[in-house]
Amino acid sequence: MKKSILTLSLALSSMAAFAGFQPDYYKMMDGKRQRELKVAAKQCVTSHAVLIYSDLPNYWQYSDVYPELYDGMKRWWDMYSDAIYLIHDGQTGKQSFSANKMQREHSVPKSWWKQDGSVEYTPAYSDMWNLYPSDGAANQAKLNYPLGPVEAANFNNGVTKVGTVRSGFGGGAAYVFEPGDEYKGDFARAFFYMATVYDDINWIINYMFQKNDYPTLRDWAFNMLLDWARHDPVSQKEIDRNNVVEQYQGNRNPFVDFPELAEYIWGTRTSETFYLSDQEGSDPTPPITGDPVITQPVNGESLDFGQTAVGETVTRILQISGSNLTEPLSVRIVASGSNRGLFTAETSSIPAATMNQNQGYLLGITYAPTAVGKHEAKVTLYDGGIDASIAVTLIGEALDRPDMGVLTAYQPTDLTDTGYTARWSEAPGIADYYVVTRVRTIDGNEESESFETEETSYSFTDRDPQIGESYYVNYSRLGIMSEQSNTIYIAPGSGVDDILRESPLRILLLPGGFMVRCENDNEGECRKGLMISDYTGRIVAAPEEVSDGEIFLLPAGLYIVSGPGMRPVRVVVGL
């Protein structure tokens, strides 16, 4: 838990947080007040790199992990649960995410905005200030509910509570998500950032936001968030994260750098003018207090890029830690023969001020192989005032591009009013991981979410029997994604109906069972993937292949028959 590691007073937080940004970064905010201050804050931080949503875990492995190791390994810092999720040696962030079945969670739900049918049109979709690593069960429980105090919980894992809303909160929602006390300030400052940077996006759900430059947050919302921020001041976790996010995304959260900023914009100090010189710790450049030193990496260690396909690119991060540099740190890639040009660093020089302010730098190095084989190079760090250069070996292996097949999604098992298990066929070859995409229509808005797993099934525990949904799957190999599978539809209520889609497979009822007919089945489409389950979702039969005219005799009961390209069919036998 955050507070068990470090609790800071507001004043100490202010001084520590201020020490990470460049001179003049916030100069447009100086001398502004209330509405104009909010507009100026947006101008200071709105320009940033747009990150790829699926790659976020590879950034979070540096921004959202506990500072202490757990059994010698990094541990994800999950603000939604106390579960222990580890990053094992040799794993990338994405690999650990898949193995732990963690999820990427928007603090401000992505279903709250949409334009031309898309929620991905805005950088808010992948903005690191709006996304955090999450426990899967907690993420599914909180859905797209607003923040707020819970009156009666229907989900409580000790950190995340979801339930009915206390009177006066929720903005009209019946249910709210309440984070743990030790994280309420973190979420408040994330919402302040979103209300500042994305005040003009197309909000279609207005529990907490409204489309205007001020105040953007609804009255009940900013008053609650201000209270949360006062009681949970900026922590060292947020300060460290602020510095790391800036390296990747290129912008900071001003509400972390200036814990009182929200008070000037929405709170008790809206009548006052904000002056940078009045803020504690207003010198953004820490003094040099010792000899130049690089503590990480260690000379002679290696950075392994793993396997990738020819023509693809893989980026790994080299964590460089150091302080008191007196001049820029130089970066050089050294390679010979066929290895030349296969590895590239994002920069050839790291400013001394950047190293000193952040106590280090995260250097992106890209491997882009052009031929099959094992490749090797070295990245050398020198200058900066350090006594000797540091060399790190870069290792990668390129394979031929794989032939990607198409998976077959099967009808779910363990289907109940509250959940089900999505299932699909194994990949025809090696799969690095599978991706199951779930699509639901909630409050009139279509929501899709993708989940990675190494298994051929994935369980959902938050099904609403009043909502129809569907899912399809892909798989990844060497950075290449397969085509999507067929789509499985789950209707509201029982999850099945007796309406057939256009399909070569037909079900003909017989006394004591049914017959399978495969009509116009030139490709043999209906002969594979048939699944028969009872009303509880338990699989009764899943033959590898069926013949046209094959008869299935079953005990009396209710059964669900499904196959590729068809909606599930309800079959009643002997009742």
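The values are calculated or read from the model by the stated rules, or taken from the named source; none is laboratory data. Note that the structure is a prediction, hence the values are computed from the model and not measured. Positions of Cβ are backbone-derived with ideal geometry, glycine not excepted, and every protein chain shown enters the neighbour counts. Side chains included, ligands, DNA and RNA excluded: accessible areas come from the protein's heavy atoms. Shrake-Rupley method; radii C 1.70, N 1.55, O 1.52, S 1.80 Å.
Ordering of 369-379, 93-103, 188-198 by packing is 188-198, 93-103, 369-379, highest average first (other Cβ atoms within 10 Å, averaged per residue).
Suppose each label sits 7 Å from its Cα in the direction of the beta carbon; what would the Gln115-Thr46 distance come out to in nanometres? Roughly 1.1 nm, to one decimal.
Among the listed pairs Lys74/Lys94; Lys27/Lys237; Lys74/Lys110, those with a Cα-Cα distance over 20 Å are Lys27/Lys237; Lys74/Lys110. Seen from His88, the other residues with C-beta closer than 12 Å to its C-beta sum to a net charge of 0, counting Lys and Arg as +1 and Asp and Glu as -1. For the listed peptides 305-317, 142-154, a ranking on the average number of other beta carbons within 10 Å per residue, highest first, reads 142-154, 305-317.
A crude spin-label estimate for the pair Thr268 and Lys374, with each label 7 Å from Cα along the Cβ direction, gives 6.4 nm. Listed values for segment 309-316 are Karplus-derived 3J(HN,Hα) couplings in whole Hz (6.51 cos²θ - 1.76 cosθ + 1.60, θ = phi - 60°), namely 8, 4, x, 8, 10, 10, 10, 10, and x replaces Gly and Pro. Of the DSSP H helices in the chain, those with a Cα length along their own long axis of 15 Å or more and a mean Kyte-Doolittle hydropathy reaching -1.0 comprise 34-45, 184-197, 219-231.
Note on Met481 and Thr344: the extension gain reaches 46.9 nm, defined as 0.36 nm multiplied by sequence separation minus the Cα-Cα distance. For segment 195-251, the calculated P(r), taken from all Cα-Cα distances in 10 Å bins from zero up to the bin holding the longest distance, is 21, 34, 40, 5 percent.
Using C-alpha pairs under 8 Å with a sequence gap of at least 6, the mean separation divided by the residue count of segment 225-370 gives a relative contact order of 22 percent.
Calculate, for Ser167 and Tyr53, the FRET efficiency according to 1/(1 + (r/R0)^6) with r their C-beta to C-beta distance and R0 35 Å; round to the nearest 0.05.
According to the calculation, E is roughly 0.45.
The apolar share of the surface of the chain, taken as the fraction of accessible area on carbon and sulfur atoms (1.4 Å probe, ligands and nucleic acids excluded), comes to 47 percent. Phi angles of segment 163-171 translate, via the Karplus equation with coefficients 6.51, -1.76, 1.60 and θ = phi - 60°, into HN-Hα couplings of x, 5, 8, 6, 4, x, 10, x, x Hz per residue; Gly and Pro are given as x. Computed over the chain, the per-residue total of -39500 (n - 2.57) for DSSP H runs of n ≥ 4 gives a 222 nm mean residue ellipticity of -5000 deg cm²/dmol, rounded to 500. With 0.36 nm allotted per residue and the present C-alpha distance subtracted, the Ala541-Thr416 stretch has 43.1 nm of extension available. Here the simple spin-label model places points 7 Å from the Cα toward Cβ, and for Ala335 and Tyr66 these points are separated by 3.8 nm.
For the chain, the solvent-accessible area of protein heavy atoms averages 42 Å² per residue (probe radius 1.4 Å; ligands and nucleic acids excluded).
Can you pull a Stokes-Einstein diffusion coefficient for segment 54-195 at 4 °C (1.567 mPa s), Rh from Kirkwood over Cα pairs, as a whole number of µm²/s? Each step should come with its number before you reach the end.
Values: Rh = 15.9 Å.
Rounded, D is 81 µm²/s.
Converting the Cα gyration tensor eigenvalues of the chain into ellipsoid dimensions via √(5λ) gives semi-axes, longest first, of 47, 33, 18 Å.
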